[in-house]
Amino acid sequence: MRVMLDYTKQEQWKNGFGQQQSPVPLNTATAQAAVANHLLVWQNDIEGVSLSDKEINFQMNGHGHAVLEQRPYQFQQLHFHAPAEHVIDDDQAAMEWHFVFQDAAGQLAVVARVAHIGAPDPVFEQLLTQFKPHETVTLKQLLDVHAELPATGPVLRYLGSLTTPPLTEGVRWYVAQTPLSVSKGQLARYHQLFEHPNNRHLQALNGRPVLQTKLN
Ligand SMILES: [Zn+2]
């Protein structure tokens, strides 16, 4: 039997790794300004293909290419946390979206976007509408997610981990400061499907540098 991940017992999750865990509190005033051209480059082929029930949330599986810090990656999936995991300047958003990328060596990078309550999001709407409990459904059309990927504004980056077991470290995090929005109604529908919070508690930075880079 599959056991659903229990966030009320997360202090018992086994962290067989080190001192570079995620999520972390992010402070824009103390982040180190770092200029980088072409930090996040999205190819045209990044799209959602299917939608899976992960019990704690849903996950859009997809394909496509990106170049992050001059390294090639493939888009794997987009999943959701409510409330947000990263806390930016003491502000915890209603949601956080994780775009997961993997390079040819299996190395992971996660592009994170917080979402506040506001205008409805069209991609989230498609996922809410097409979701089927306990199934992986093929989306009716390939879902273009470029409008959800950060293209402007500052991005905070640091080296961390997966935020669910096995909590593997060596994950490159890119947390966009420019938020997305979902409507109150969309978040309510999401919580009808997934009622429990699925945010891991904040982890200590332990001296890790946080860099802030403005996208072109
Ligand atoms: Zn996540």
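Structural remarks
- Of the residues making up segment 64-98, those that are small (Gly, Ala, Ser) and part of a strand (DSSP E or B) number 1.
- The residue pairs whose first member lies in segment 184-212 and is β-branched (Val, Ile, Thr), whose second member is part of a loop (DSSP other than H, G, I, E, B), and whose beta carbons are closer than 8 Å, counting only pairs six or more residues apart or on different chains, are 210/24; 210/27; 210/30; 210/31.
- Yes/no for residue 115 being loosely packed, with under 15 Cβ neighbours inside 10 Å and not hydroxyl-bearing (Ser, Thr, Tyr): no
- Residue 26 vs. criteria at pLDDT 95 or above and buried (at least 21 other Cβ atoms within 10 Å of the Cβ): yes
- Of the criteria (1) farther than 25 Å from residue 189 by Cα; (2) surrounded by 15 or more Cβ atoms within 10 Å (Cβ to Cβ), which one residue 14 fails: (2)
- Residues being assigned to a loop (DSSP other than H, G, I, E, B) and closer than 18 Å to residue 103 by Cβ - total across segment 151-175: 2
- Among the criteria (1) open to solvent by 20 Å² or more (accessible area, probe 1.4 Å); (2) touching a Leu at 6+ places or on another chain (Cβ under 9 Å); (3) part of a strand (DSSP E or B), the one residue 56 does not fulfil is (3).
- Taken over segment 76-90, the criterion of being closer than 24 Å to residue 145 by Cβ and open to solvent by 10 Å² or more (accessible area, probe 1.4 Å) is satisfied by 76, 77, 79, 83, 88.
- Residues in segment 99-111 that are in contact (Cβ under 8 Å) with a residue 40 or more places away in the chain and not in a loop (DSSP other than H, G, I, E, B) were compared, and the one that is most open to solvent (accessible area, probe 1.4 Å) is 108.
- Selection count, segment 161-192, where residues are of a type in the set (A, V, I, L, M), under 23 Å from residue 13 (Cβ atoms) and open to solvent by 40 Å² or more (accessible area, probe 1.4 Å): 1
The values are calculated or read from the model by the stated rules, or taken from the named source; none is laboratory data. Note that the structure is predicted; figures quoted are calculated from it, not measured. All Cβ positions, glycine included, derive from the backbone under ideal geometry; neighbour counts span all protein chains shown. Side chains included, ligands, DNA and RNA excluded: accessible areas come from the protein's heavy atoms. Shrake-Rupley method; radii C 1.70, N 1.55, O 1.52, S 1.80 Å.
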